[in-house]
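**Q** Below is one structure. I have some questions about it.
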């Protein structure tokens, strides 16, 4: 992929991520709090939200344009964000996506911060979800 730009999205550009989600008929929305991260190739081709929680972040809204999937873009986006934000990352995913996230360094999270544990319990009433986590990015060479 030529000329990819990966990084945080500034607050003024928040509507662009929601527009990207809508263009692809995704029900995802840019988090109202926290950081938004995107990959651009001119326009946004992938995005996600990171919401601060318990000395770490909750990853939501990870979405890659369908025509560009399978090229490692999600992994690149998550890796860049993990290098930049302190603490662990947690996410909820459908069981079918467990292997994808395992390749990115996530494992099943048996213990979650209380706010996430409560949210997961609510979500699991209506859909199958797994909690996964990745430790703080190791900055040592």
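**Q** Between residue 124 and residue 71, what length in nm is gained on full extension when 0.36 nm per residue of separation is reduced by their alpha carbon distance?
**A** Working: separation 53, 0.36 × 53 = 19.08 nm, distance 3.02 nm.
Contour length minus Cα-Cα distance gives 16.1 nm.
**Q** Note the angle between two axes, namely the Cα long axis of helix 114-123 and the longest principal axis of the Cα atoms of the chain, as a number of degrees from 0 to 90, rounded to the nearest 10.
**A** 80
**Q** Further, regarding this structure: Percent relative contact order of the chain, based on C-alpha pairs within less than 8 angstrom and at least six residues apart? Provide the component values of the computation, followed by the final result.
**A** Values: 219 pairs, mean separation 27.5, N = 141.
19 percent.
**Q** Select from 60, 99, 51 the residue whose mean-square fluctuation is largest in a Gaussian network model of the chain (Cα-Cα springs shorter than 10 Å).
**A** Of the options given, 99 has the highest mean-square fluctuation.
**Q** Please give the helix 14-23 orientation as an angle from the longest Cα principal axis of the chain, in degrees from 0 to 90, rounded to the nearest 10.
**A** Taking Cα atoms only, the helix is inclined about 90 degrees.
**Q** Could you order the peptides 87-96, 103-112 from most to least packed, using the average number of other C-beta atoms within 10 Å per residue?
**A** Numbers: 87-96: 17.3, 103-112: 15.0.
Ranked by mean Cβ neighbours within 10 Å, highest first: 87-96, 103-112.
**Q** For the chain, state what percent of all Cα-Cα pairs lands in each successive 10 Å bin, counting from 0 Å until the bin that includes the largest distance.
**A** Pair shares across the bins are 11, 43, 37, 8, 0.
**Q** Can you give the angle from 0 to 90° between the axis of helix 73-84 and the longest principal axis of the chain, with both taken from C-alpha atoms, to the nearest 10?
**A** Value to nearest ten degrees: 70.
Where a number appears in this text, it was derived from the coordinates with a stated rule and is not lab data. No experiment lies behind these values; they were computed from the predicted model shown. Backbone-built Cβ (ideal geometry, glycine too); neighbour counts: all protein chains shown.
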